Each structure stands twice: as C-alpha cells, then as structure tokens.
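Only the coordinates and a few stated rules stand behind these numbers; no lab work does. Every value quoted in this text rests on a predicted model; they were computed, and no experiment measured them. Glycine gets a Cβ as well: all are built from the backbone with ideal geometry, and neighbour counts include every protein chain shown.
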Amino acid sequence: METTVSLVQMLDARERRVQHQQELLARYHKPLICFTMNICGPIKDSPLIRRGFARGRQLLRQQFLRAKLTPLYQDAVREVTGCEAFYVLDADPLTIKKFTTDIEDATPLGRLFDMDVIRPDGLKVDREELNLEGRRCLICGGPAKVCSSRRIHTVAELQEKTTEILTEARDAQDIADAARPGRPRPALRSDHHPQSPALWTGATAEATGTWMCSLSWTAPRRSTPYFEACARTGRETAEQPAPETFAALRPLGCEAEGEMLDATGGVNTHKGAVFSVGIVCAALGRLDRSLWADAARVLAEVSAMTAGLTEKDFAGVTAENAATVGQKLYIRYGITGVRGQVEAGLPAVLNVGLPVLEAGLAKGYDFDRVGGGALLAILANSTDTNIIARSSRERQLALTEELKALLAQTSYPDKDALAALDDRFIAENLSPGGSADLLALTWLLHFVTTEGNINE
C-alpha cells in the first residue's frame, strides 16, 4: 500500500540522511555517493519507484566494475520517505561525479536519479566543476532550478511525467531482461569454441541464452545495455511511422556490432542476433504492454518497421559486385536471409518455433528437449544461410529433408538423439547460426507473451 508522507517526515528523513553521511565521512575519510530519487508529490515509495531505484543501483554497480572500484562501504534503506543508498569509494571525487552524471544524463529515467557525490570534507561536488550544465526539467527540458523556483509546472503534471518515465523504463528493462542471460538454457557440451561447428552447442546455446552474455555490452556513451536501448528507441519513436523506428535503430546496431567485434577480437559471433533481436525489442517498445501477449501483433510491427528492406539492401547488387555471403546467395538463389524473415514478420518464429515450443512445454518436456525440438523444426522449415555458407545449397536442402523425416518420427528428440546430430554437424563442419538466432527470438517472444514470465 502506498503511503502519503508529510513535510515533517521528509525533513526528519533528510536530517537522518545527513547524519549518516557525516558518520561515514568521519569513519572512512573518503568520498561517498548518496543516491536518492527525485519524486514529486506526497508518495515517495511504490513498487514502480522501487524498480527505478533498483535500476539506478544496478547502473552504479556497472560503473564500479568499469572503473575497477570496490566500495569500502555500501548500504541501502527503504522508507516511506523513499529509498536511499550510500557508497564509500576510494577514488577521486571528480571521477566519481563524472560517472554519476553520465548515469543521470543518459536516459529519461536518469533524470529521476539524485546521485550526490560528497567529498571527505562534507562538501558536495557540483556539476559546474566538470563544466556540465545543470539538471533539466522533466517536462519542458529547461533548467530545472528555474522551473522549480518559479513553480512553472504543477505537482500533478510532475507526478504524471514521473509515472510515465518510471513505466517506460520498467517496460524497456523487462524487454531487455527477456533477451538476456538468466533464462532457461540447456545443459550443453562445453568442448567447442562458440564459432566451432555444432548443432547443440553452437546453435542451441546461442539461442537459449549463452550467446546473449556477450550482448550485455553497453552502447557507446550510454549506461544501459543494447537491448534496453533498442526497446527505449521503440518507445521514443512509437508515434512515428514504423520505418522511422528502424532507421533510428540502425546506428545503435552498427555501434553494437563494433563493440561485439572488439569484444571477440574481430570474430563475427552474433551480427545476425544484434540485428534481429534488436528489431524485436524495438517493436515491443513501440507497443503498449497489453499487446505484448499477442505474438502476431508484435511480429506485424517488426514487418511494418522493415517494409522494403530487402529491395533496398539488395538494390544494385549483381553477380559481378556481390561481396558478402548474403549478397551472393541472393543473386544465385534469390535467398533473402534474415532480411526476408524480418520483413515478412518472422514466419519461422511465429508459425514454426513458437507453436513447437509452446506445445512441448504444454506436454511437460524440459527446456532442453523443447528447445532442441524447436531448433530442429526451424532448421527444417527455413533456409539457414550459415549452413549453405559452410557447405552448399544442395547440402542444406538435403539436410532439411533429413530433419523433416526425423521430426515425423518424434517432434522432440531426446538428449541422445541431439548429441548424435551434434556429432554429425561437427564432422561436417556445419553450424546453423541463422536458425539459432530464430530460436533465440522464439524464446524471447515466449517470455514476453506468456503470463508470469515478465516481472510486474
């Protein structure tokens, strides 16, 4: 239950907070961060506010890791007057202030964060010391101090805007969480490099979460993960035509690809996933949360966002100038690859992956078996360009027929059958990376469209 707090309670809370700060400074003689939320109105604590506060703490921890800082002291309290967190750090106060302001300025949610940095002498570090502008108003974007002192905006307006920011941040984070590690993943063989040929290890691990570990990079100059940035971009452009969202995504995707290559030493491990998962996250961001349960509606948004993509990307490509594998396959066979899939609304996911996944879960099969069945179904009913690149079009077509025959006997092969297939794929130097990406999207949509899989 949400509790209304009085001015006296707020003043008492402020006094206790200052006293705690003084005690920490006296004990450690080091700078500290005092993190609270800027929440207008008499209600300072709610599930939505706590979600935003938890996100702020998470972003601080990420910054600590990047800066190789371990807090000498940290604690957090939750009161009806709001959440508070304290961190004592052995670092230059200006350095600390720089990364806290980066967090505050990176996203709309950051505008609700109040991350004071206090020197050992008890004085706050001001933004002006870093030649930074003051905080901006939530509503009009003007100087916050001016709007506050003149009371330009009503409390009701500020409350409405605060709720909007918190809600949108929650939704973006939930979308990103569905695409991150921590979701069910099979018990995989671990004796292969991520780029080695394999069915079970190279594809299923990629699809069900392992691959996503390397997609936790942050976009340049941002403090939030790539998938969250995609979802937020979808939300920010939701009122614009769908192709405008895709246009806004492409720079983010290029940056993420660059960071992937840096992280992998130049090995293209997840370019397709960066592209396709990013688009689905943005499509979810464009839609009201109530529509997430309708996978067909979500994927229709994907189709709308990418309308005309194939024609545009392959315009002017000829047999003479085709440079990439995708271009060569398009010219020779008319295969459109992942571009064609997203432009068509990911039919391999909607009509193949999801039905097989949901049917297997309904039967009570474990995630290993269900994921394996869905992967094979996708591979048997779509054109995996990675298979062709590693062998030939003829081998890919023959493989789909083999898998269809196998699935006619059992839709969900057991662990031994999957291991045998894995051995065959390794022997033939095959890796169904395209199908793995589609399985990843299948799991993502399962988690966002199935009641109870997304945190409320």
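What does the C-alpha gyration tensor say about the overall shape of the stretch 47-190? Classify as rounded when a/c is under 1.5, otherwise prolate if a/b is larger than b/c, or oblate.
oblate
Among ILE43, ILE387, what is the fewest-to-most ranking by other Cβ atoms within 10 Å?
Ordered by Cβ neighbours within 10 Å, fewest first: ILE43, ILE387.
In terms of Cα to Cα distance under 12 Å, which aspartates and glutamates are near enough to LYS415, apart from those fewer than 8 places away along the same chain?
Correct list for LYS415: ASP366, ASP368.
For the chain, take the longest principal axis of its alpha carbons; what is the angle in degrees between that and the long axis of helix 393-409, to the nearest 10 within 0 to 90?
80
Please state the shape class of the stretch 53-112: rounded when a/c is under 1.5, otherwise prolate if a/b exceeds b/c and oblate if not, all from the C-alpha gyration tensor.
On the way: a/c = 1.96, a/b = 1.19, b/c = 1.65.
Note, shape of the stretch 53-112 comes out oblate.
Would you mind checking the tilt of helix 93-106 against the longest principal axis of the Cα atoms of the chain, expressed as 0 to 90 degrees and rounded to 10?
60
Taking the Cα centre of the chain as origin and charging only Cβ (+1 Lys, Arg; -1 Asp, Glu), how large is the dipole, in debye to the nearest 20?
Dipole magnitude for the chain comes out near 680 debye.
So how far apart, in nm, are the two label points at ASP414 and LYS124 if each is 7 Å from Cα heading toward Cβ?
Between ASP414 and LYS124, the simple spin-label model gives 6.6 nm.
Could you work out the relative contact order of the chain? I mean the mean sequence separation of Cα pairs under 8 Å and 6+ apart, divided by the number of residues, in percent. Walk me through the numbers on the way to the answer.
Working: 680 pairs, mean separation 65.6, N = 456.
For the chain, the relative contact order is 14 percent.
Helix-derived [θ] at 222 nm for the chain: sum -39500 (n - 2.57) over DSSP H runs of at least 4, divide by residue count, nearest 500?
It comes out at -17500 deg cm²/dmol, rounded to the nearest 500.
If the reach is capped at under 24 angstrom between alpha carbons, list the lysines near LYS97, excluding any in the same chain fewer than eight residues apart.
LYS30, LYS68, LYS124, LYS145
So how tilted is helix 433-449 from the main axis of the chain? Cα-based, degrees 0 to 90, rounded to 10.
Taking the Cα atoms of the chain, the angle to 433-449 is about 50 degrees.
Are there GluC sites (Glu not before Pro) in the stretch 308-379 that DSSP marks as loop and that have at most 16 other Cβ atoms within 10 Å, and which are they? Don't jump to the answer; show the numbers that get you there.
On the way: sites: GLU311, GLU320, GLU343, GLU358; in loops: GLU320.
Listed in order of number, the matching sites are GLU320.
With contacts defined as alpha carbon pairs under 8 Å and 6 or more residues apart, what's the relative contact order of the stretch 5-129 in percent?
35
What do you get for trypsin sites (Lys or Arg not before Pro) in the stretch 1-96 restricted to DSSP loop and a cutoff of at most 16 other Cβ within 10 Å of the site's Cβ?
The qualifying sites are LYS68.
At most 12 other Cβ atoms within 10 Å and a DSSP loop assignment: could you name the GluC sites (Glu not before Pro) in the stretch 229-308 that fit?
GLU239
Determine the sum of side-chain charges near GLY278: Lys and Arg each +1, Asp and Glu each -1, restricted to other residues whose C-beta is under 12 angstrom from that of GLY278.
Residues close to GLY278 contribute a combined charge of -1.
Starting with the fewest neighbours, write out PHE425, PHE447 ranked by other beta-carbon atoms found within 10 Å of each beta-carbon. Working shown, then result.
Details: PHE425 23, PHE447 19.
Fewest-to-most Cβ neighbours within 10 Å comes out as PHE447, PHE425.
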